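Asks: Supplied in structure tokens, the structure appears directly below.
Here, each number is a calculation from the coordinates, and none is a lab measurement. Bear in mind the structure is a predicted one, so any value in this text is a computation, not a measurement. Note that we place each Cβ from the backbone using ideal geometry, even for glycine, and neighbour counts take in every protein chain shown.
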Amino acid sequence: MTLAQVEGSAIDWEGALIERARAGDSRAFERLYREHVGRVYGLCLRMTREPALAEDCTQETFINAWRALAQFETRSALSTWLHRIAVNVTLAKRRKSSRHEAFAEPNVEVEEEGIEGGWTLETPVEVEEIEAAIGSLPEGARDALVLHALYGYSHTEAAQMLGVAEGTCKAQLHRARKLLRERLNVEIA
Amino acid sequence: MTEPTPKRVTTLRELSQDTEPERDLWPQIEAQLAPARPSLAASNGGAARRAVPPSLRWLALAAGIGCVAVGVWIGRSALPGGVQPPIAAATRPAAGTVQTAWVTDPRYRRDHDALVQSLGAQLASLPPASREKVMKSLTAIRTAKQELEEALGKDPSNALLQELLVNTYQDEMRVLTDVHEAGDAGKGI
């Protein structure tokens, strides 16, 4: 049974593990790691596109989470908190890298209409093809797209996680939509 | 023999959020945790905590997880709205505090004894699978209690042992309370 399967049950299974991990129980923390590593690594991999670097980011995310567990507010979701840490870690590693592309606001006019779209493709596209297209996007556009369109964070949440203004995040999403449309040759609503 | 059809998607949200890393990252993460234990653990009898045999900590955690699993099982199968265990919640000590006095509190003893007294009748009203899970969980919890009490007999001032013992008592109360609530719900009260 996974934590996800028992969400909303009478017993706060995850909360109990968090409490024990806070008290220094690394076995409880391991259970939390096992439950969340897939989503954390998935996010890091999409942001870095390098499995080895994504593994480093994932490890650092959980180590930082362990150190900061006392500050975690149990009212919020652990997965969101871990994602915030993962994004911070990945961006910090990128800043150190010489290949870093600045998350500059693209020079585009953001049309509000369509920005809230569900990222629906006019015709079905193979997973490999769309993953390759996402991977080929510039970093800024890809980060915003991954957090908003794949992981479901709002513009505000994605912007906060990326440390940019909401308008910048929207502009990056607009850019991502335009580039994906061109590369997949399909309309995206 | 035909090639399997590649998976296609019509929205970006259909792309998998979970990607498991190719190797287990936990051993390297765990190696980094020891020198950076959460502040709660470090500030409350750190030396005594390190003296606790890992087997006992694991035993208490296993009992707790067993208890939670039973609660979830019952919560999902018998309690339509999900009911918090009122007794455990009311007597639960603040996180990180050691309150062995809680175990001898007359209110706790009274509630505990009443729940134990009605346990047989409540168990009889549960489906056999639930009953078996409850019995297994209670056995694990009581074994953990016995082992912890024996360990405390040899090291009475060990703060972590005291805390684990209190946790184990709480786990037992949660199971007893959940069984009580589930039994009542089954009778249509």
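Asks: Distance between Cα centroids, region B:119-169 to region A:141-189: provide it in whole Å.
Replies: 50
Asks: Work out the mean other chain Cβ neighbour count within 10 Å for the residues of A:58-69 and drop it here as an integer.
Replies: Mean shielding count: 4.
Asks: Follow-up. For B:Lys154, which lysines qualify as cross-link partners when the Cα separation must be under 16 Å and same-chain residues fewer than eight apart are set aside?
Replies: B:Lys145
Asks: So, one more: Semi-axes of region A:127-184's equivalent ellipsoid from the Cα gyration tensor, sqrt of 5 times each eigenvalue, largest first, rounded to whole Å?
Replies: Listed largest to smallest, the semi-axes of region A:127-184 are 20, 11, 8 Å.
Asks: A further question follows. At a 10 angstrom cut-off on C-beta neighbours, averaged per residue, how do the peptides A:148-154, A:83-89 rank from highest to lowest?
Replies: Per-residue Cβ counts within 10 Å, averaged per peptide and sorted highest first, yield A:83-89, A:148-154.
Asks: Related question: Percent relative contact order of region A:127-184, based on C-alpha pairs within less than 8 angstrom and at least six residues apart?
Replies: 42
Asks: Same structure, new question: Relative contact order, percent, of region A:4-96 when contacts are C-alpha pairs under 8 Å separated by at least 6 residues?
Replies: 27
Asks: Compare the peptides A:134-141, B:10-17 by average per-residue count of other Cβ atoms within 10 angstrom and give them in order, highest first.
Replies: A:134-141, B:10-17
Asks: What average count of beta carbons from other chains do you get within 10 Å of the Cβ of residues in A:25-32?
Replies: Mean number of neighbouring Cβ atoms from other chains: 6.
Asks: Quick check on packing: order A:175-185, B:114-124 by the mean number of other C-beta atoms within 10 Å, highest mean leading.
Replies: A:175-185, B:114-124
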